[in-house]
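Here's the structure we're looking at; comments come further down.
The values are calculated or read from the model by the stated rules, or taken from the named source; none is laboratory data. All figures in this text were calculated on a predicted structure; none of them were measured in a lab. Reconstructed Cβ throughout: ideal geometry from the backbone, glycine too, with neighbour counts over all protein chains shown. Just the protein is used for accessible areas: all its heavy atoms, side chains included, with ligands, DNA and RNA removed. Shrake-Rupley method; radii C 1.70, N 1.55, O 1.52, S 1.80 Å.
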Amino acid sequence: MHALGNEHLSKAEWRDRLTRARADQTTESHAREASALVSAVSKVTSGTVCAYLPFGTEPGTTALVDALAAGGARVLLPVIVSRADPLDWAEYTGEADLVPSRFRGIREPGGKRLGIDAVAAAELVLVPALAVDHRGVRLGRGAGHYDRSLVFAAAGVVLLAVVRDEELVERLPGEPHDVRMSGALTPGRGVLELPM
């Protein structure tokens with residue numbers, strides 16, 4: 001938390017700072033953190049989980065969703081329909097069935113689309129984030145896909161922002177439409193309940 005500071009930065013300034021910090025992470029450090037996330041998520045049991053496939057500098061690897069599936073969860077992954085629409089969902093049936101998304105660098109299940117309200121079946125949703133604060137305010141990449149999609153989730157569903165340990169910060173700028181996270185999943189501390 002110290003390395004990123006707690007100054008009152010704008011969302012754009014936070015995104016720039018966090019993106020640079022992720023880009024500076026070594027391959028070895030990323031692999032260690034990915035392994036720790038798999039270990040932490042292996043202890044989470046749930047019937048249906050909405051997850052995502054980390055890409056680029058995001059914490060984790062495909063092993064994260066494989067661990068959920070190996071633990072008996074039905075894993076749904078997002079399908080980006082357009083830049084302005086909520087996410088669609090499809091069941092994860094293994095890495096061999098993934099296809100490239102129309103958006104560069106992203107992979108998605110090639111199977112049947114389940115609709116934007118499929119997230120309502122989830123007992124747990126793993127949400128990508130650049131950071132999350134102690135109040136549950138999440139900072140994403142700015143496209144708004146998850147803010148538009150999580151409104152379809154069931155009341156009381158566990159929403160875990162997946163972040164590096166130093167990306168759990170004291171306070172982020174938030175807006176009324178932001179969907180608050182109920183917890184964070186970090187490599188070093190595992191699952192943490194929010195607000196803290």
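Could you check which residue among LEU130, LEU139, LEU114 shows the biggest mean-square fluctuation in a GNM of the chain with a 10 Å Cα cutoff?
LEU114
Please list, by residue number, every one of the trypsin sites (Lys or Arg not before Pro) in region 21-85 that is coil in DSSP and has at most 15 other beta-carbon atoms within 10 Å.
Values: sites: ARG22, ARG32, LYS43, ARG74, ARG83; in loops: LYS43, ARG83.
Passing sites in region 21-85 are LYS43, ARG83.
First select every other residue whose beta carbon is under 10 angstrom from the beta carbon of PRO100; then total the charges, Lys and Arg +1, Asp and Glu -1. Show your work: numbers first, answer last.
Values: positive: ARG102, ARG104, ARG107; negative: GLU108.
Its environment carries a net charge of +2.
Please work out the FRET efficiency for the pair PHE152 and THR19, using the Cβ-Cβ distance as r and a Förster radius of 25 Å; give the result to the nearest 0.05.
Details: r = 28 Å, r/R0 = 1.12.
Calculated value: 0.35.
Once every DSSP H run of n ≥ 4 in the chain is given -39500 (n - 2.57) and the sum is divided by its residues, what mean residue ellipticity at 222 nm do you get, rounded to the nearest 500 deg cm²/dmol? Before the final figure, lay out the partial values.
On the way: 4 runs with 42 residues, N = 196.
Calculated mean residue ellipticity at 222 nm is -6500 deg cm²/dmol.
What percent antiparallel are the DSSP beta bridges of region 4-150, to the nearest 5?
On the way: 10 of 15 bridges.
Of all bridge pairs located within region 4-150, approximately 65 percent are antiparallel.
Taking 7 Å along the Cα-to-C-beta vector as the label spot, tell me the SER29-ARG104 distance in nanometres, rounded to one decimal.
2.6 nm
Would you please give the residues with an amide H less than 5 Å from that of GLU108, counting only those at least 5 places away or on a separate chain, with H modeled from the backbone geometry?
VAL99, SER101
Within the chain, what whole-number % of the accessible surface is contributed by carbon and sulfur, with the 1.4 Å probe and all protein chains included in the calculation? Kindly include the intermediate steps, with their values, before the conclusion.
On the way: 4940 of 9310 Å².
So the carbon and sulfur contribution to the accessible surface is 53 percent.
Whole number in Å², please: accessible area per residue of the chain, 1.4 Å probe, ligands, DNA and RNA not counted.
On the way: 9310 Å² over 196 residues.
Computed with neighbouring chains in place, this is 47 Å² per residue.
Please identify, among ASP165, ASP85, ASP133, the residue showing maximal mean-square fluctuation in a Gaussian network model of the chain using a 10 angstrom Cα cutoff.
Of the options given, ASP85 has the highest mean-square fluctuation.
Given R₀ = 22 Å, FRET efficiency for PHE55-ALA12 by Cβ-Cβ distance, to 0.05?
Numbers: r = 22 Å, r/R0 = 0.98.
Computed FRET efficiency for PHE55 and ALA12 comes out at 0.55.
Would you kindly work out the equivalent ellipsoid of region 119-196 from its C-alpha gyration tensor and give its semi-axes, the square roots of five times the eigenvalues, largest first in whole Å?
Numbers: eigenvalues 65, 42, 23 Å².
After diagonalising the Cα gyration tensor, the semi-axes are 18, 15, 11 Å.
Springs between alpha-carbon pairs under 10 angstrom, Gaussian network model over the chain: which of VAL99, VAL125, VAL49 fluctuates most?
With Cα springs under 10 Å in the chain, the top fluctuation among VAL99, VAL125, VAL49 is at VAL99.
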